[in-house]
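In what follows, a structure is listed as structure tokens, so that the remarks can point back to it.
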Amino acid sequence: MSTRNRQMHFGLLMTANGSHFGGWRLPQADPAASFRLQHYVEMTREAERGCFDLVFMADTLALVPTQLPATLGHAPPIAHLEPLTLLSALSAVTTHIGLAGSATTTYNHPYQVARLFASLDHLSGGRAGWNLITSGNPAEAWNFGFERHPDHADRYDRAREFAEVVFGLWDSWTDDAFVFDKARGQYFEPARMRAPNHQGKHFRVKGPLNMARPPQGRPVVAQAGSSEAGRALAAATADIVFTAQQNLKGARDFYADMKARTAACGRDPASIAVLPGVAPIIGDTDAEAQRRYQALQDAFDPLIGLDALSAEFGIDLSAYPLDAPLPEDLPTSPRATSRGDLMLEQMRA
Ligand SMILES: Cc1cc2nc3c(=O)[nH]c(=O)nc-3n(C[C@H](O)[C@H](O)[C@H](O)COP(=O)(O)O)c2cc1C
């Protein structure tokens with residue numbers, strides 16, 4: 001999986017019933033597909049047939065908490081299979097398509113993450129991709145013994161060192177370190193081992209990784225940060241940047257900024273690909289596409305949307321009239337990610 005040329009790259013964000021909140025309630029939808037391997041096999045094979053570069057599985061380590069009690073159980077909470085487990089199964093039934101999944105640097109340890117993606121890279125013959133996230137869902141903290149979700153800056157401080165350790169572990173061996181020389185009884189050449197012996201602020205990791213060097217050397221690294229810290233980390237470490245942009249100007253500005261930051265890190269700007277997200281609703285005619293869109297909207301309870309926005313803002317928005325502009329003096333609470341700013345900007349536009 002390479003990002004080093006200027007052709008267009010396509011990635012498929014795999015969700016069971018599409019990314020619209022009304023998708024699972026459409027008559028033709030199978031809500032249980034989230035937990036069925038065959039559903040993802042068919043989707044991934046279709047994407048491979050369509051020459052997509054990768055399929056991508058997002059992740060969170062907790063249900064997204066509902067802000068409005070009335071919506072509990074009504075919204076399609078982010079409940080799905082664990083990405084690496086699913087992607088490993090998909091590696092056995094595909095040959096070319098990249099297999100990327102999210103793994104958080106906030107609630108994981110770099111040795112485990114390095115091992116998981118190196119294993120997927122071996123299993124898939126060099127098609128693994130790690131979407132480095134710092135966790136946008138604050139509720140994850142409660143599943144890992146934390147009182148509260150660490151602050152944005154602290155999460156990115158840890159993420160930077162985390163990435164450094166994972167890269168060091170992936171570089172633990174030269175490509176030819178494992179000689180498997182039965183005659184000499186030599187399994188690997190110690191001289192070709194490069195244990196990271198990392199001693200840092202957040203981690204102390206001796207290494208090496210207990211596995212031969214991944215076929216790609218370093219699996220592809222993706223990120224989706226759009227804050228200052230997110231962009232800086234991506235420019236220094238990522239091959240792919242996913243981004244949510246609302247208009248062409250914003251997308252172009254983001255693209256130019258990422259290329260400039262990558263060059264400023266001493267990297268070739270062509271070594272990073274910027275992939276904006278789109279949620280296409282397709283029909284044979286515009287009318288049919290509009291009809292499908294309306295069916296999704298009709299299947300969607302606005303209260304679920306209000307709940308999702310409240311979760312993003314960390315405040316209960318149900319106190320405000322749905323059809324009135326958002327009050328200028330909206331109480332702001334610390335948000336987990338910069339996503340809320342983007343939404344606020346859009347709602348005020
Ligand atoms: C395409 C895409 C995929 C993402 N996948 C995840 C994910 O799997 N888990 C997660 O917690 N956040 C995910 N995010 C959120 C980002 O990691 C990030 O938190 C968000 O874009 C805000 O940027 P910031 O962290 O720099 O504030 C995703 C964002 C985008 C655009």
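The values are calculated or read from the model by the stated rules, or taken from the named source; none is laboratory data. None of the values given here were measured: they were computed from a predicted structure. Heads up, the Cβs are rebuilt from the backbone with ideal geometry, glycines too, and the neighbour counts pull from every protein chain shown.
Are any residues in the stretch 46-69 in contact (Cβ under 8 Å) with a residue 40 or more places away in the chain, away from the ligand (no atom under 16 Å from the Cβ) and farther than 15 Å from Leu90 by Cα, and if so, which ones? Can you show your working first?
Restricting attention to the stretch 46-69, the residues satisfying the condition of being in contact (Cβ under 8 Å) with a residue 40 or more places away in the chain are 47-48, 50-68.
Retained after the next criterion (residues that are away from the ligand (no atom under 16 Å from the Cβ)): 48, 50-51, 66-68.
Of everything in the stretch 46-69, those that are in contact (Cβ under 8 Å) with a residue 40 or more places away in the chain, away from the ligand (no atom under 16 Å from the Cβ) and farther than 15 Å from Leu90 by Cα turn out to be Gly50, Cys51, Thr66, Gln67, Leu68.
Taking Asp176 as meeting all but one of (1) in contact with a helix residue (DSSP H, G or I) (Cβ under 8 Å, 6 or more places away or on another chain); (2) of a type in the set (Asp, Glu); (3) within 16 Å of the ligand (Cβ to nearest atom), write down the number of the exception.
Here Asp176 clears every test but (3).
Checking the condition within 16 Å of the ligand (Cβ to nearest atom), part of a helix (DSSP H, G or I) and out of contact with any Cys (no Cβ under 8 Å at 6 or more places or on another chain), which residue from Leu132, Leu116 passes? Write out each step before concluding.
Numbers: Leu132 fails: part of a helix (DSSP H, G or I).
Testing whether each residue is within 16 Å of the ligand (Cβ to nearest atom), part of a helix (DSSP H, G or I) and out of contact with any Cys (no Cβ under 8 Å at 6 or more places or on another chain) leaves just Leu116.
Being in a strand (DSSP E or B) and more than 27 Å from Arg127 (Cβ to Cβ) is the filter here; which residues of the stretch 163-197 pass it?
The answer is Asp181, Gln186.
Let me spell it out: the conditions are (1) in contact with a Pro (Cβ under 9 Å, 6 or more places away or on another chain); (2) free of Cβ contacts under 8 Å to residues at least 60 places away in the same chain, and Met43 meets all of them except one. Which number is the exception?
Among (1) in contact with a Pro (Cβ under 9 Å, 6 or more places away or on another chain); (2) free of Cβ contacts under 8 Å to residues at least 60 places away in the same chain, the lone unmet condition for Met43 is (1).
Does Gln186 count as more than 16 Å from the ligand (Cβ to nearest atom), under 21 Å from the mean Cα position of the chain (by Cα) and on the phi < 0 side of the Ramachandran plot? Can you show your working first?
Working: more than 16 Å from the ligand (Cβ to nearest atom): yes; under 21 Å from the mean Cα position of the chain (by Cα): no; on the phi < 0 side of the Ramachandran plot: yes.
No; evaluated as a whole, the condition is false for this residue.
Quick one: what pairs do we get from the stretch 152-171, first residue over 16 Å from Arg218 (Cα atoms) and free of Cβ contacts under 8 Å to residues at least 12 places away in the same chain, second within 13 Å of the ligand (Cβ to nearest atom) and not polar (S, T, N, Q), C-beta under 8 Å, 6+ apart or different chains?
Here the result reads none, with nothing in the stretch 152-171 linked to a residue that is within 13 Å of the ligand (Cβ to nearest atom) and not polar (S, T, N, Q).
Based on this model, can you work out whether Met347 counts as touching a residue at least 12 places away in the same chain (Cβ under 8 Å), assigned to a helix (DSSP H, G or I) and within 30 Å of Thr237 (Cβ to Cβ)? If you could, list the steps in order and put the result at the bottom.
Numbers: touching a residue at least 12 places away in the same chain (Cβ under 8 Å): yes; assigned to a helix (DSSP H, G or I): yes; within 30 Å of Thr237 (Cβ to Cβ): no.
It is false that Met347 is touching a residue at least 12 places away in the same chain (Cβ under 8 Å), assigned to a helix (DSSP H, G or I) and within 30 Å of Thr237 (Cβ to Cβ).
Return yes when Phe146 is crowded, with 17+ Cβ neighbours inside 10 Å and among the aromatic types (Phe, Trp, Tyr) and no when it is not. Full working, then the answer.
Working: crowded, with 17+ Cβ neighbours inside 10 Å: no; among the aromatic types (Phe, Trp, Tyr): yes.
Spelling it out, it is not the case that Phe146 is crowded, with 17+ Cβ neighbours inside 10 Å and among the aromatic types (Phe, Trp, Tyr).
Checking the condition more than 30 Å from Leu303 (Cβ to Cβ) and in contact with an Asp or Glu (Cβ under 9 Å, 6 or more places away or on another chain), which residue from Val55, Val113 passes?
Details: Val113 fails: in contact with an Asp or Glu (Cβ under 9 Å, 6 or more places away or on another chain).
The match here is Val55.
Give the residue, chosen from Thr134, Thr94, that is among the β-branched types (Val, Ile, Thr), modelled with pLDDT of 95 or more and within 18 Å of the chain's Cα centre (by Cα). Outline the logic, then answer.
Values: Thr94 fails: within 18 Å of the chain's Cα centre (by Cα).
Step by step, each of Thr134, Thr94 is checked, and only Thr134 is among the β-branched types (Val, Ile, Thr), modelled with pLDDT of 95 or more and within 18 Å of the chain's Cα centre (by Cα).
Among the residues of the stretch 335-347, are any crowded, with 17+ Cβ neighbours inside 10 Å, away from the ligand (no atom under 14 Å from the Cβ) and more than 22 Å from Gly18 (Cα to Cα)?
The answer is no; no qualifying residue exists.
Please count how many residues of the stretch 275-291 are under 27 Å from the mean Cα position of the chain (by Cα) and either within 16 Å of the ligand (Cβ to nearest atom) or farther than 30 Å from Asp239 by Cβ (or both).
Here is the first cut: in the stretch 275-291, the ones under 27 Å from the mean Cα position of the chain (by Cα) are 275-282.
Next cut, either within 16 Å of the ligand (Cβ to nearest atom) or farther than 30 Å from Asp239 by Cβ (or both) only: 275-280.
Number of matching residues: 6.
Can you go through Asp257, Asp298 and tell me which one is in contact (Cβ under 8 Å) with a residue 12 or more places away in the chain and closer than 22 Å to Leu132 by Cα?
Values: Asp298 fails: closer than 22 Å to Leu132 by Cα.
Among Asp257, Asp298, only Asp257 is in contact (Cβ under 8 Å) with a residue 12 or more places away in the chain and closer than 22 Å to Leu132 by Cα.
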